[in-house]
Amino acid sequence: MKNLIVLGCCLFFLACKTEKKNEALPISVTATPSIDYATGFDIQASGDATIITVLSPWPNAQEAYKYALIPKEKLAVITLNKDDYDAIIPVPVKSVVVTSTTHIPSLESLGVLDKLTGFPTTDFISSNEARKRVENKQIKELGNNEAINTEMVIELQPDVLIGFGINDQNKAYNIIQKANIPVVYNGEWTEKSPLGKAEWIKFFAPFFGMEKKADSLFKQIETDYLKVKELVQASAKKPSVLTGGLYKDVWHVAGGDSWMAQFIKDAGGQYIWEDNAESGGLSLSIESVLAKGQHADFWLNPSMLTSYKEVQSSNTHYTQFDAFTNKKIFANTLDKGETGGLLFYELAPNRPDLVLRDLIHIFHPDLLPNHELYFFKPLN
């Protein structure tokens, strides 16, 4: 589920590590911007330099990646040891390529969507503003994320490429880096907490000089999330919740330590796999799911099914669940962009406050009676 890639390099500095320079001066940290929920990255300010360390570019990563962002007007007076960084990037950047739809809402919220010049598989983009830029050829199609068109990226000459990966073996990124285009890994997708994912807007901000705006935007989301979360704390009612559905005879559900499990807990639900320690997904037989979840009060995300008729025709065993009988199935895949992209997977990581409001309204309709569902909708 989803995309991410990394960028690092510039015309002034090589992103790849080179021989140590004797004249390079070490950076001493003088200030550290507040990162309160995200565990996958860190930002440190040292004078005019900003050091971003990506601690978790992918699950179980064995090493961190460190990037130095230097104001363009300070390039002549700040000296860094290139061997200490995976990329040194002059900022603010004027053009960027990103590789996951989850990156786009951060750019849009910061008001820098006009800096986005390329994206792999643009049909996945749901944002109306971004789609206009795709149609106007202001955002170039770069193939698919697994085999991004390196020639087109090099032709675009972005100041940085923000990427994601499941490991460090992306040959396309290596080619792009050798062309002196910095590649910077974004590991937002590895975060387990809803506010942790959303806080990655602070990762994007220093590339554009938008730190204060990012802090303000995130603070509003955090405040709203915690406010509505508080509504359910006193509720004794905790409806049970089932997730997922069958794919080739295997039922895929969210793990008990996953992003979705945290949402369900914060919304005052009881996730039936909450005791499981998996932060990703679980692959189960339909028999085991029936044994544990047949009487669950709610069922979220039944694969890509959009109606009760589809659910029934897809697998007759689905009709054995109480949530089917009681019409308590909700999906986050009903809202799509005009070219088929799923709005939830693009925007939800950036707007956990809207996700939580949806789930509280579903589980406890009396607490948010006037809320209009945004991501999760009842099946047709």
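The values are calculated or read from the model by the stated rules, or taken from the named source; none is laboratory data. Note that the structure is a prediction, hence the values are computed from the model and not measured. Note: ideal-geometry Cβ built from the backbone for every residue, glycine included; neighbour counts use all protein chains shown. In case anyone asks, the SASA skips ligands and DNA or RNA and just uses the protein heavy atoms, side chains included. Shrake-Rupley method; radii C 1.70, N 1.55, O 1.52, S 1.80 Å.
Scanning the range 210-243 for residues that are aliphatic (A, V, I, L, M) and either open to solvent by less than 10 Å² (accessible area, probe 1.4 Å) or under 30 Å from S288 (Cβ atoms) (or both) returns A214, V228, V232, A236, V241, L242. Taken over the range 45-68, the criterion of being closer than 18 Å to F208 by Cβ and in contact with a Ser or Thr (Cβ under 7 Å, 6 or more places away or on another chain) is satisfied by A45 alone. Being at pLDDT 95 or above, open to solvent by 30 Å² or more (accessible area, probe 1.4 Å) and touching a Gly at 6+ places or on another chain (Cβ under 7 Å) is a description that applies to L343.
Candidates L334, L368: the one that is more than 23 Å from R131 (Cβ to Cβ) and in a loop (DSSP other than H, G, I, E, B) is L368.
Please enumerate the residues belonging to the range 178-209 that are outside any helix (DSSP H, G or I), surrounded by fewer than 22 Cβ atoms within 10 Å (Cβ to Cβ) and more than 14 Å from the chain's Cα centre (by Cα).
Pass one, the range 178-209, residues outside any helix (DSSP H, G or I): 179-187, 191-193, 199-200, 209.
Then drop every residue that is not surrounded by fewer than 22 Cβ atoms within 10 Å (Cβ to Cβ), which leaves 179-180, 192-193, 209.
Selection gives A179, N180, G209.
Checking each residue in the range 296-336 for being over 29 Å from the mean Cα position of the chain (by Cα) and of a type in the set (F, W, Y) picks out Y308, Y318, F321, F324. Candidates K238, K140, K171: the one that is out of contact with any helix residue (DSSP H, G or I) (no Cβ under 7 Å at 6 or more places or on another chain) and either modelled with pLDDT of 95 or more or within 30 Å of D322 (Cβ to Cβ) (or both) is K238. Just one of the listed residues (I70, I78, I88) is touching a strand residue (DSSP E or B) at 6+ places or on another chain (Cβ under 6 Å), open to solvent by less than 70 Å² (accessible area, probe 1.4 Å) and more than 27 Å from G118 (Cβ to Cβ), and it is I78. Condition test on A214, is it assigned to a helix (DSSP H, G or I) and free of Cβ contacts under 8 Å to residues at least 60 places away in the same chain? So A214 fails the test.
For residues that are of a type outside the set (S, T, Y) and either open to solvent by less than 20 Å² (accessible area, probe 1.4 Å) or in contact with a His (Cβ under 7 Å, 6 or more places away or on another chain) (or both), tally how many sit in the range 261-281. Steps first, please.
Let us first name the residues in the range 261-281 that are of a type outside the set (S, T, Y), namely 261-270, 272-278, 280-281.
Cutting the leftovers down to either open to solvent by less than 20 Å² (accessible area, probe 1.4 Å) or in contact with a His (Cβ under 7 Å, 6 or more places away or on another chain) (or both) gives us 261, 263-264, 266-269, 281.
Total meeting the criteria: 8.
Return a yes/no flag: does the range 151-161 have any residue that is open to solvent by 10 Å² or more (accessible area, probe 1.4 Å) and under 21 Å from the mean Cα position of the chain (by Cα).
Within the range 151-161, the first condition is being open to solvent by 10 Å² or more (accessible area, probe 1.4 Å), and the residues that meet it are 151-152, 154-157, 159.
Now drop any that are not under 21 Å from the mean Cα position of the chain (by Cα), which leaves none.
Within the range 151-161 (the criterion being open to solvent by 10 Å² or more (accessible area, probe 1.4 Å) and under 21 Å from the mean Cα position of the chain (by Cα)), the answer is no, since none of the residues qualifies.
Give me a count of the residues in the range 347-359 that are touching a residue at least 40 places away in the same chain (Cβ under 8 Å), surrounded by fewer than 23 Cβ atoms within 10 Å (Cβ to Cβ) and not in a loop (DSSP other than H, G, I, E, B). Walk me through how you get there before you give the answer.
Residues of the range 347-359 that are touching a residue at least 40 places away in the same chain (Cβ under 8 Å), as a first pass: 347, 349-353, 355-357, 359.
Those left that are additionally surrounded by fewer than 23 Cβ atoms within 10 Å (Cβ to Cβ): 347, 351, 353.
If we keep only those that are not in a loop (DSSP other than H, G, I, E, B) too, we end up with 347, 353.
The total comes to 2.
Tell me yes or no: at least one residue of the range 31-52 is among the polar types (S, T, N, Q), at pLDDT below 50, surrounded by fewer than 19 Cβ atoms within 10 Å (Cβ to Cβ) and farther than 26 Å from P352 by Cα. There is no residue in the range 31-52 that is among the polar types (S, T, N, Q), at pLDDT below 50, surrounded by fewer than 19 Cβ atoms within 10 Å (Cβ to Cβ) and farther than 26 Å from P352 by Cα. The one condition from (1) touching an Asp or Glu at 6+ places or on another chain (Cβ under 8 Å); (2) small (G, A, S); (3) under 26 Å from K192 (Cα atoms); (4) at pLDDT 95 or above that S106 does not meet is (1).
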